[in-house]
Amino acid sequence: MNPTSQYNESALNPSGRFGRLSYLGWNGLLCISMMLIIILIAIGLPGLQTPDQRLPTSAILFLSFVYMCALYFSFIFAIRRLHDCNHSGWLSLLMLIPLINLGLTVYLAFAKGNEHENQFGLPRTTKTWEKVLAWFYVLIFPLALVAAIAVPAYQDYVTRAQQVQME
């Protein structure tokens, strides 16, 4: 692989390598894209807001398509990251096994890749936007998870406190 082809390769192709920040950046982009799609679906389909209504078949098919695309890209990113660590992309199938997938995710996020050329080619240079998005993903995503747990718990606490005061 020559250095000029490194700049022309698609990040959405399983052949090639992803460094840690590229991997996190592209996963961050996937996460943001999925959240935007889910928000748009929630706004566009009032049937999602009431528990007694069923989703239309077209909505179920669309959500299935979106999920399959996200799964596909997750595998692509994992394969490229495994290639950076000089492992076979077939190890990405471990993502399908519960609990082992958590260990694989931690490994992919923290394992140091090969600095020099390996059997999968030269290291890929991480673009600036990938670095920014990776750090955003690393710093903001855990805070969002904490907020997603803490805010409903606090609202429940406030509701119970108001009920006790009314009694």
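The values are calculated or read from the model by the stated rules, or taken from the named source; none is laboratory data. Keep in mind the model is a prediction, meaning the values are calculated, not measured. FYI the Cβ positions are ideal-geometry reconstructions off the backbone, even for glycines, and counts take in every protein chain you see. These accessible areas exclude ligands, DNA and RNA; they are computed on the full protein's heavy atoms, side chains included. Shrake-Rupley method; radii C 1.70, N 1.55, O 1.52, S 1.80 Å.
Table: residues versus (1) within 15 Å of the chain's Cα centre (by Cα); (2) open to solvent by 100 Å² or more (accessible area, probe 1.4 Å); (3) β-branched (Val, Ile, Thr); (4) more than 19 Å from Glu9 (Cα to Cα).
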position	(1), (2), (3), (4)
Leu82	no, no, no, no
Asn86	no, no, no, no
Met95	yes, no, no, yes
Val106	yes, no, yes, yes
Ala111	no, no, no, yes
Tyr137	yes, no, no, yes
Gln155	no, yes, no, yes
Ala161	no, no, no, yes
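In the condition set (1) open to solvent by less than 40 Å² (accessible area, probe 1.4 Å); (2) part of a helix (DSSP H, G or I); (3) farther than 19 Å from Leu30 by Cα, Arg124 is compliant with all but (2). Every test in (1) in contact (Cβ under 8 Å) with a residue 12 or more places away in the chain; (2) loosely packed, with under 10 Cβ neighbours inside 10 Å is passed by Phe141 save one, and that test is (2). Out of Val132, Val146, one residue alone is modelled with pLDDT of 90 or more, assigned to a helix (DSSP H, G or I) and either open to solvent by less than 70 Å² (accessible area, probe 1.4 Å) or among the β-branched types (Val, Ile, Thr) (or both). It is Val132.
Just to be sure, is Leu24 touching a helix residue (DSSP H, G or I) at 6+ places or on another chain (Cβ under 7 Å), modelled with pLDDT under 80 and either open to solvent by 60 Å² or more (accessible area, probe 1.4 Å) or closer than 25 Å to Met95 by Cβ (or both)? Give the steps one after another, and end with the answer.
Working: touching a helix residue (DSSP H, G or I) at 6+ places or on another chain (Cβ under 7 Å): yes; modelled with pLDDT under 80: no; either open to solvent by 60 Å² or more (accessible area, probe 1.4 Å) or closer than 25 Å to Met95 by Cβ (or both): yes.
No.
What are the residue pairs meeting all of these: first residue in segment 91-113, first residue over 20 Å from Val138 (Cα atoms), second residue among the aliphatic types (A, V, I, L, M) and open to solvent by 70 Å² or more (accessible area, probe 1.4 Å), Cβ atoms under 8 Å, and 6 or more apart or on different chains? Listed pairs, sorted by first residue: Leu94/Ile100.
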